[in-house]
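Heads up, the thing below is written out as C-alpha cells.
The values are calculated or read from the model by the stated rules, or taken from the named source; none is laboratory data. Not measured: the values here are computed from a predicted model. Neighbour counts are summed over all protein chains in view; Cβ atoms, including those assigned to glycine, are modelled from backbone coordinates with ideal geometry.
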Amino acid sequence: MNAKVYTVEEATQKLEYYCSYQERCHEEVITKLKSLGMIPQAVDHIVVHLIEQNFLNEERFACSFARGKHNIKKWGKFRIENELKLRNISKFNINKALKEIPQEIYIETFHLLAEKQWDTVLERNIAKKKKKIADYLLRKGWESNLVYDKLNDLETTEN
C-alpha cells in the first residue's frame with residue numbers, strides 16, 4: 001500500500017501530468033488512482049475533471065494506440081483491436097482507431113514484415129519455415145488470408 005496520502009488536488013495534479021506525457025485510457029487512470037489510495041468518489045471526481053480538461057480522451061487514446069502499435073511494433077488489425085478491447089475501449093472508438101492506418105501503408109507494412117521474416121528464418125524445411133513465419137505474423141495480429149497468400153507467393157519466388 002502507498003505510504004503517502006494524497007489530497008484530491010494532489011492526485012488531480014499527479015494524474016494531469018500522468019495523462020499529459022502519454023495518452024491514457026480510462027482504465028489506466030482508474031487503476032493509477034486506486035494505487036494512490038483514492039476512494040471511489042474521488043476517483044470519479046478526478047476522472048470527470050480529466051475528461052473535461054481534455055487530459056483524458058478515449059478516442060484520442062485509441063487512435064494514438066493504433067498508430068503507434070502499427071508503426072512501431074508492426075501489429076496487424078486483429079492484435080490492435082484485441083488489445084483495445086482488453087482496455088475496455090468502445091467498438092466505435094476501435095473502428096475509428098483502425099481507420100487511422102491507411103490501407104496502402106497497412107498492406108505495405110505487412111509485405112515488408114513478411115519478407116523480412118522470410119529472409120531471417122533459416123529453416124531449410126519449407127513447411128516448417130512457412131509455419132514459423134505464419135505463427136509469427138498471426139501472433140502479431142495479421143489477417144490469415146494475407147499471411148497464407150503471402151507465404152505461398154514467397155515460396156514460389158524462392159523455387
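Could you list, in sequence order, all residues of the range 121-159 that are surrounded by fewer than 11 Cβ atoms within 10 Å (Cβ to Cβ) and of a type in the set (D, E, K, R)? Outline the logic, then answer.
Going through the range 121-159, the residues surrounded by fewer than 11 Cβ atoms within 10 Å (Cβ to Cβ) turn out to be 122, 124-125, 127, 145, 156-159.
Result: ARG124, GLU158.
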Query raised in the report: Counting only residues that are at pLDDT 95 or above, under 27 Å from the mean Cα position of the chain (by Cα) and either over 19 Å from PHE61 (Cα atoms) or surrounded by fewer than 18 Cβ atoms within 10 Å (Cβ to Cβ) (or both), how many does the range 35-46 have?
Result: 2
Query - Single residue of the range 1-43 satisfying the filter (in contact with a helix residue (DSSP H, G or I) (Cβ under 7 Å, 6 or more places away or on another chain) and in contact (Cβ under 8 Å) with a residue 40 or more places away in the chain) that is nearest to GLY68 (Cα to Cα) - result: GLU23
Query raised in the report: Is it the case that PHE110 is over 10 Å from the mean Cα position of the chain (by Cα), not assigned by TED's automatic domain parsing to the domain that holds LEU151 and not hydroxyl-bearing (Ser, Thr, Tyr)?
Result: no
Query raised in the report: Any residue in the range 47-66 that is buried (at least 17 other Cβ atoms within 10 Å of the Cβ), over 15 Å from LEU98 (Cβ atoms) and in contact with a Phe, Trp or Tyr (Cβ under 6 Å, 6 or more places away or on another chain)?
Result: no
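Any chance the range 110-120 includes a residue that's outside any helix (DSSP H, G or I), surrounded by 15 or more Cβ atoms within 10 Å (Cβ to Cβ) and at negative phi?
Going through the range 110-120, the residues outside any helix (DSSP H, G or I) turn out to be none.
No, that holds for no residue.
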Query raised in the report: What are the residue pairs meeting all of these: first residue in the range 75-92, first residue more than 28 Å from HIS111 (Cα to Cα), second residue of a type outside the set (Gly, Ala, Ser) and buried (at least 18 other Cβ atoms within 10 Å of the Cβ), Cβ atoms under 6 Å, and 6 or more apart or on different chains?
Result: ARG87/CYS25
